[in-house]
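First the structure, which I've put down as structure tokens, then a few questions once you've had a look.
The values are calculated or read from the model by the stated rules, or taken from the named source; none is laboratory data. Note that this is a predicted model, so its numbers are computed, not measured. When we count neighbours, we look across all protein chains shown, and the Cβ atoms used for this are built from the backbone with ideal geometry, even at glycine.
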Amino acid sequence: MTATHPPLRLPLILIGFMGAGKTVVGWHLARRLGLRFLDLDQEIERRAGCTVADIFRTAGEAHFRHLEATLLAEILRRPPAPLLLATGGGVVEDPANRALLAETGTVIFLDPPFKVLVGRIRLAGLARPLADGVEERVLRDRWRRRRPLYREVATLTVGGALPLESQVQRLAERLCPSA
Ligand code: S3P
């Protein structure tokens, strides 16, 4: 007897704290499942013609959040289907974003332990305005505050300290066993 699986609800949306691997896992998972991949931060940067760090520096976080919420709504209301969207770690701060996420597609929360997140954030050396030069204690408070918000909108959660390739493999098997 073959098991039947409910159809996959698209778009797939990856959420989680900075360093959770949303962009890397998203890119590989999208390829594996034959979905188009979009990264919300990269799309914001493409449209603004400058980096997220530049936007924070020149126009402030509130302006970045406005761009983020506007683009999220634009993409999710009319997704260029079939889509996998990786989001920025702070997208769940806005209740309107959470409401939209909760009613759309399949929301996957990448939730590695805090130590793994910090290691990746420090290693990446990327310009992350909310992490660069920030004490670990402050990052941990932000992570603790946000975790319930990610959980609130997640359809499924991937915890543990698995390497990113294993996460892609597990998610592909879970979401689309025939792929
Ligand atoms: C942010 C996370 C970043 C980016 C911006 C704000 C946050 O994305 O959207 O710097 O508030 O956590 P990543 O989660 O991809 O680093």
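Can you confirm whether the stretch 57-68 contains a residue that is in contact with a Ser or Thr (Cβ under 6 Å, 6 or more places away or on another chain), of a type outside the set (Phe, Trp, Tyr) and at pLDDT 95 or above?
Step one: filter the stretch 57-68 for residues in contact with a Ser or Thr (Cβ under 6 Å, 6 or more places away or on another chain), giving none.
The answer is no, given that none of the residues of the stretch 57-68 is in contact with a Ser or Thr (Cβ under 6 Å, 6 or more places away or on another chain), of a type outside the set (Phe, Trp, Tyr) and at pLDDT 95 or above.
Another question, then. Among the residues of the stretch 58-70, count how many are surrounded by fewer than 16 Cβ atoms within 10 Å (Cβ to Cβ) and either within 9 Å of the ligand (Cβ to nearest atom) or among the β-branched types (Val, Ile, Thr) (or both). I'd like the intermediate steps shown before the answer.
Going through the stretch 58-70, the residues surrounded by fewer than 16 Cβ atoms within 10 Å (Cβ to Cβ) turn out to be 58-63, 66, 70.
With the extra rule that they be either within 9 Å of the ligand (Cβ to nearest atom) or among the β-branched types (Val, Ile, Thr) (or both), the set shrinks to 58, 61, 70.
Within the stretch 58-70, residues that are surrounded by fewer than 16 Cβ atoms within 10 Å (Cβ to Cβ) and either within 9 Å of the ligand (Cβ to nearest atom) or among the β-branched types (Val, Ile, Thr) (or both) number 3.
Okay, next question. Determine, yes or no, whether Leu29 is within 16 Å of the ligand (Cβ to nearest atom), surrounded by 14 or more Cβ atoms within 10 Å (Cβ to Cβ), hydrophobic (A, V, I, L, M, F, W, C) and closer than 27 Å to Asp132 by Cα. Talk me through it step by step, then tell me what you get.
Numbers: within 16 Å of the ligand (Cβ to nearest atom): yes; surrounded by 14 or more Cβ atoms within 10 Å (Cβ to Cβ): yes; hydrophobic (A, V, I, L, M, F, W, C): yes; closer than 27 Å to Asp132 by Cα: no.
In short, no.
Hey, can you tell me all the residues within the stretch 43-62 that are of a type outside the set (A, V, I, L, M) and over 18 Å from Ala131 (Cα atoms)?
Of the residues in the stretch 43-62, the ones of a type outside the set (A, V, I, L, M) are 43, 45-47, 49-51, 54, 56-58, 60-61.
Within the stretch 43-62, Glu43, Glu45, Arg46, Arg47, Gly49, Cys50 qualify.
Of the residues Ala81, Ala73, Ala99, only one is surrounded by 13 or more Cβ atoms within 10 Å (Cβ to Cβ), more than 14 Å from the ligand (Cβ to nearest atom) and over 17 Å from Gly16 (Cβ atoms); which?
Details: Ala81 fails: surrounded by 13 or more Cβ atoms within 10 Å (Cβ to Cβ); Ala99 fails: surrounded by 13 or more Cβ atoms within 10 Å (Cβ to Cβ).
None of the other options fit; the residue is Ala73.
Are there any pairs, at least 6 apart or on different chains, whose C-beta atoms fall under 6 Å, with the first in the stretch 83-101 and of a type in the set (Asp, Glu) and the second part of a helix (DSSP H, G or I) and surrounded by fewer than 18 Cβ atoms within 10 Å (Cβ to Cβ), and if so, which?
Asp94/Ala69
Look at Arg146 and say whether it is buried (at least 16 other Cβ atoms within 10 Å of the Cβ) and either of a type in the set (Gly, Ala, Ser) or over 21 Å from Arg174 (Cα atoms) (or both).
Values: buried (at least 16 other Cβ atoms within 10 Å of the Cβ): yes; either of a type in the set (Gly, Ala, Ser) or over 21 Å from Arg174 (Cα atoms) (or both): yes.
So Arg146 fits the description; yes.
Return the only residue of Leu71, Leu8, Leu35, Leu76 being of a type outside the set (Lys, Arg) and modelled with pLDDT under 95.
Leu8
Go through the stretch 65-92 and report how many residues are in contact with an Asp or Glu (Cβ under 7 Å, 6 or more places away or on another chain), of a type in the set (Gly, Ala, Ser) and outside any strand (DSSP E or B).
Our first condition is that a residue be in contact with an Asp or Glu (Cβ under 7 Å, 6 or more places away or on another chain); within the stretch 65-92, this holds for 65, 69, 71, 86, 88, 91.
After this cut, where a residue has to be of a type in the set (Gly, Ala, Ser) as well, the list is 69, 86, 88.
Those still in the list that are outside any strand (DSSP E or B) too: 69, 88.
The total comes to 2.
Output the number of the condition that Ala81 fails; it satisfies all remaining conditions of (1) at pLDDT 95 or above; (2) under 22 Å from Ala154 (Cβ atoms).
(1)
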